[in-house]
Amino acid sequence: MGEKQQHIAILRLSAMGDVAMLVPAVQVLRASYPELKITVVSKAFHKPIFAAIPDVSFLAAEVKGKHKGILGMCTLAKELKALGVTHLADCHNVLRSKMVRSFMSFSGVKRSKMDKDRAAKKALCKPNNKTWKPLKSSHQRYAEVLGELGFPVDLNQFVPLDRGVIPQAALELLQGWTGKILGIAPYAAFGSKSYSEEQMREVLEQLDQSNELKTLLFGGPSERESLLKLASGLKHVEVVAGLLKFPQELDLISNLDGMLAMDSGNGHLAANFGLPVFTIWGVTHPYLGFAPFGQNETNWLLPDLEKYPAIPTSVYGKDYPSGYENAINSIPSQQVSDLVLKNL
């Protein structure tokens, strides 16, 4: 009998942006170890994120269904064992994923976990006397989890994902346009990470007046009405939120010439296709390790840090001192539109 095929399960159950940041490590892993079987374990919605990487399987974690709670994580571990998983890369390292690691420890599965370096992040988020230095990116932390299992990956070897086919609904919005196309995702999970609608409208007006770009607004279906108001009366601005399924949206993003986003998932999705990504930051900061992959620091738009010295106030932007909810709006709209027009 030959040796059992090596099979790695890569586990990340959280928000879209965190899952999208797995792509560079998974893509390089696939290219570097062609005989290795790879399964990504995440929420079902995230499956299309990995569709452009060949020979990568996906297991949907139903954390509100059959994989809920302790028994659910036990069920997930059994399913992974049944698939023949030999290595488990825990790229989440929270209670749920720790349970899966524990349940799989009895069957000789090699396991590794992500080092989130919470102490360093806490030091960077102190209101005073910060330990002011850039931390490792989540991309690098994911790569290190794989390396600990004996599969080192060099993220410098990442090749941007291939472009998809522009969906018909988007082609209709782009009819007759032959110039550059910019995507903008104006919203984030917390208001402290979202540019004000007034200033975003100014950015859209400035871009529209240049006549150089077609701008497409991205967001969830529930944000469509707000985005339509934001785009009202502008000649070269269209709203795609609510028109496309997620796989089609990824195909459209892959064909853009650039993306303007907050500290949120759309920036990471665009970066995986090698697009220039311009990010507007509020009470979080790129030094925490969540900047889109492969982007130059010149693409970061930061608040007035002299006026708001406590930034970053928290890792995800949920907590901040009074008055800091408007820190993001200290970035002039003209600075945003100038950066985009200069680089596209």
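The values are calculated or read from the model by the stated rules, or taken from the named source; none is laboratory data. Just so you know, these numbers come straight off a predicted model, no measurement behind them. With ideal geometry, Cβ positions are generated from the backbone for all residues, glycine too; neighbour counts draw on all protein chains shown. Only protein heavy atoms, including side chains, enter the accessible area calculation; ligands, DNA and RNA are left aside. Shrake-Rupley method; radii C 1.70, N 1.55, O 1.52, S 1.80 Å.
Which one of these does A241 not meet: (1) over 19 Å from A169 (Cα atoms); (2) surrounded by 14 or more Cβ atoms within 10 Å (Cβ to Cβ)?
Result: A241 fails condition (1) only.
The rows are residues; the columns are (1) touching a helix residue (DSSP H, G or I) at 6+ places or on another chain (Cβ under 9 Å); (2) without any contact (Cβ under 8 Å) to a residue 40 or more places away in the chain; (3) over 17 Å from G258 (Cβ atoms); (4) crowded, with 19+ Cβ neighbours inside 10 Å.
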{"site": "P292", "(1), (2), (3), (4)": "yes, yes, no, yes"}
{"site": "N299", "(1), (2), (3), (4)": "yes, no, no, yes"}
{"site": "P312", "(1), (2), (3), (4)": "yes, no, yes, yes"}
{"site": "S322", "(1), (2), (3), (4)": "no, yes, yes, no"}
{"site": "E325", "(1), (2), (3), (4)": "yes, no, yes, no"}
{"site": "Q335", "(1), (2), (3), (4)": "no, yes, no, no"}
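Yes or no, residue by residue, for (1) touching a Lys or Arg at 6+ places or on another chain (Cβ under 6 Å); (2) among the β-branched types (V, I, T); (3) surrounded by 19 or more Cβ atoms within 10 Å (Cβ to Cβ):
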position	(1), (2), (3)
G183	no, no, yes
A189	no, no, no
S192	no, no, yes
V203	no, yes, yes
Q209	no, no, no
L217	no, no, yes
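So which helices (runs of 4 or more DSSP H) stay within the range 102-214 end to end and still have 3 or more residues that are under 24 Å from the mean Cα position of the chain (by Cα)? Outline the logic, then answer.
Working: elements: 118-124, 138-148, 168-173, 197-210.
Filter on the range 102-214 gives 118-124, 138-148, 197-210.
Among what's in the range 103-122 and is at pLDDT below 95 and polar (S, T, N, Q), pick the residue that is most open to solvent (accessible area, probe 1.4 Å).
So the residue we want is S107.
Which of the residues spanning the range 219-231 are assigned to a helix (DSSP H, G or I) and buried (at least 17 other Cβ atoms within 10 Å of the Cβ)?
Passing the criteria: E223, L227, L230, A231.
So which of L149, L216 is in contact (Cβ under 8 Å) with a residue 24 or more places away in the chain and closer than 30 Å to D115 by Cα?
Numbers: L216 fails: closer than 30 Å to D115 by Cα.
Being in contact (Cβ under 8 Å) with a residue 24 or more places away in the chain and closer than 30 Å to D115 by Cα holds for just one of L149, L216, which is L149.
Based on this model, can you work out whether G164 counts as modelled with pLDDT of 95 or more, out of contact with any Lys or Arg (no Cβ under 6 Å at 6 or more places or on another chain) and either open to solvent by less than 20 Å² (accessible area, probe 1.4 Å) or not β-branched (V, I, T) (or both)? First the steps, then the outcome.
Details: modelled with pLDDT of 95 or more: yes; out of contact with any Lys or Arg (no Cβ under 6 Å at 6 or more places or on another chain): yes; either open to solvent by less than 20 Å² (accessible area, probe 1.4 Å) or not β-branched (V, I, T) (or both): yes.
Yes: the conditions hold for G164.
Yes/no per residue for (1) over 19 Å from R101 (Cα atoms); (2) not small (G, A, S):
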site	(1), (2)
Q5	yes, yes
I10	no, yes
A15	yes, no
T39	no, yes
K43	no, yes
I49	yes, yes
E62	no, yes
H67	no, yes
L71	no, yes
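Could you grab the pairs with beta carbons closer than 6 Å, sequence gap of 6+ or different chains, first residue in the range 101-119 and touching a residue at least 24 places away in the same chain (Cβ under 8 Å) and under 17 Å from Q5 (Cα atoms), second one in a helix (DSSP H, G or I) and open to solvent by less than 100 Å² (accessible area, probe 1.4 Å)?
Short answer, once both residue conditions are applied: S107/K81; R111/R101.
Within the range 133-148, can one find any residue that is surrounded by 13 or more Cβ atoms within 10 Å (Cβ to Cβ), within 22 Å of M73 (Cα to Cα) and touching a Ser or Thr at 6+ places or on another chain (Cβ under 6 Å)? Give the steps one after another, and end with the answer.
Here is the first cut: in the range 133-148, the residues surrounded by 13 or more Cβ atoms within 10 Å (Cβ to Cβ) are 134-148.
From the residues that got through so far, the ones that are within 22 Å of M73 (Cα to Cα) too are 142, 145-146.
Within this subset, residues satisfying the condition of being touching a Ser or Thr at 6+ places or on another chain (Cβ under 6 Å) are 145.
Yes - at least one qualifying residue is present in the range 133-148.
Within the range 237-255, how many residues are in contact (Cβ under 8 Å) with a residue 40 or more places away in the chain and of a type outside the set (D, E)?
Matching residues across the range 237-255 total 11.
Of all residues in the range 123-132, how many are surrounded by fewer than 13 Cβ atoms within 10 Å (Cβ to Cβ) and of a type in the set (A, V, I, L, M, F, W, C)?
Residues flagged as surrounded by fewer than 13 Cβ atoms within 10 Å (Cβ to Cβ) and of a type in the set (A, V, I, L, M, F, W, C) within the range 123-132 amount to 1.
Could you list, in sequence order, the residues of the range 92-101 that are in a loop (DSSP other than H, G, I, E, B) and surrounded by fewer than 20 Cβ atoms within 10 Å (Cβ to Cβ)?
Residues of the range 92-101 that are in a loop (DSSP other than H, G, I, E, B), as a first pass: 92-94.
If the condition is that a residue be in a loop (DSSP other than H, G, I, E, B) and surrounded by fewer than 20 Cβ atoms within 10 Å (Cβ to Cβ), then N93, V94 are the ones that fit.
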